[in-house]
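Peer 1: Encoded as structure tokens, here's the structure I'll be asking about.
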Amino acid sequence: MLGGNGNPPLEMHLHLGVYRARSDVKAVVHAHPKWSTFLTMVGQPYQPVYAQGSIVYPMPLLDTPSSINNRAIADRLAATLGDRPAAMMKAHGAVTVGKDIVEAFVLANYLEENAYRQYMALQIGKPYVFSEQEIAACREKLWTPTLFKRTWDHFRAKLPALG
């Protein structure tokens, strides 16, 4: 039993929905990232244009901008996510999952960096999209706890000292 006198956040349903559907998931990151949300606002599919960003491809899309604030919509998001490590939510945000918070956080960063690069490339032309073979090679090379920890440490080092 959990104690306390505060109300849980509305996003509680999102997290619980994913955990109900995915016994392999130990961490969920839900955010409202700018660049990937822009892509969903104009119907532009997420394309693997950046090595790290290719490891979360293909990217499922929840086809509603609704808040995930009840069980029914949380179950829809979990079904959209399926067995994937990430999903985007139309005109809303994204969710990433992992075996721990480091993995879920780093995948969220990779997703957003790829979306940024895709968006910027679209401003000047048609971006190069990684082939299935290139995606597989990236996944094999880049999906490692060591690289995830290095990325985590990079962002952690940017935080102001807690005192």
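Peer 1: When you look at P85, is it within 18 Å of the chain's Cα centre (by Cα), open to solvent by less than 30 Å² (accessible area, probe 1.4 Å) and under 14 Å from P48 (Cβ atoms), yes or no?
Peer 2: yes
Peer 1: Another question, then. Need pairs with beta-carbon distance below 8 Å; first residue more than 17 Å from L16 (Cα to Cα) and among the acidic types (D, E) and within region 86-108, second open to solvent by 10 Å² or more (accessible area, probe 1.4 Å) and part of a helix (DSSP H, G or I); sequence gap 6+ or separate chains.
Peer 2: Final answer for the pair search is E103/P145.
Peer 1: Right, here's the next one. Looking at region 85-112 only, could you name the residues that are part of a helix (DSSP H, G or I) and under 14 Å from A31 (Cα atoms)?
Peer 2: Across region 85-112, the qualifying residues are I101, A104, F105, V106, L107, A108, N109, Y110, L111, E112.
Peer 1: Scan region 55-74 for residues that are farther than 16 Å from R20 by Cβ, of a type in the set (A, V, I, L, M, F, W, C) and out of contact with any strand residue (DSSP E or B) (no Cβ under 7 Å at 6 or more places or on another chain) and jot them down.
Peer 2: Within region 55-74, just I55 meets the criteria.
Peer 1: Right, another one. If A136 satisfies all but one of (1) part of a loop (DSSP other than H, G, I, E, B); (2) under 21 Å from T151 (Cα atoms); (3) without any contact (Cβ under 8 Å) to a residue 24 or more places away in the chain, what's the number of the condition it fails?
Peer 2: So A136 meets the others, but not (1).
Peer 1: Another one. Somewhere in region 65-81, is a residue closer than 19 Å to R139 by Cβ and surrounded by fewer than 22 Cβ atoms within 10 Å (Cβ to Cβ)?
Peer 2: no
Peer 1: Being assigned to a loop (DSSP other than H, G, I, E, B), at pLDDT 95 or above and open to solvent by 60 Å² or more (accessible area, probe 1.4 Å) is the filter here; which residues of region 1-26 pass it?
Peer 2: Once the filter is applied, which keeps residues that are assigned to a loop (DSSP other than H, G, I, E, B), at pLDDT 95 or above and open to solvent by 60 Å² or more (accessible area, probe 1.4 Å), region 1-26 yields S23, D24, K26.
Peer 1: Only residues that are under 20 Å from R139 (Cα atoms), touching a helix residue (DSSP H, G or I) at 6+ places or on another chain (Cβ under 8 Å) and open to solvent by 20 Å² or more (accessible area, probe 1.4 Å): list them for region 50-64, please.
Peer 2: Scanning region 50-64 gives Y50, A51, Q52, Y57, M59, P60.
Peer 1: Can you tell me how many residues in region 28-54 are more than 15 Å from Y116 (Cβ to Cβ), touching a strand residue (DSSP E or B) at 6+ places or on another chain (Cβ under 9 Å) and assigned to a loop (DSSP other than H, G, I, E, B)?
Peer 2: 1
Peer 1: Those residues that are among the aliphatic types (A, V, I, L, M), modelled with pLDDT of 95 or more and either closer than 17 Å to S36 by Cβ or surrounded by fewer than 13 Cβ atoms within 10 Å (Cβ to Cβ) (or both), I need them from region 105-163; list them, please.
Peer 2: V106, L107, A108, L111, A115, M120, A121, L122, I124, V129
Peer 1: Can you tell me how many residues in region 40-49 are within 14 Å of P127 (Cα to Cα) and surrounded by 21 or more Cβ atoms within 10 Å (Cβ to Cβ)?
Peer 2: Summing the residues that are within 14 Å of P127 (Cα to Cα) and surrounded by 21 or more Cβ atoms within 10 Å (Cβ to Cβ) in region 40-49 gives 4.
The values are calculated or read from the model by the stated rules, or taken from the named source; none is laboratory data. For clarity, every value in this text was computed on a predicted model and none was experimentally measured. Heads up, the Cβs are rebuilt from the backbone with ideal geometry, glycines too, and the neighbour counts pull from every protein chain shown. Surface areas here come from the heavy atoms of the whole protein model, side chains and all, with no ligands, DNA or RNA. Shrake-Rupley method; radii C 1.70, N 1.55, O 1.52, S 1.80 Å.
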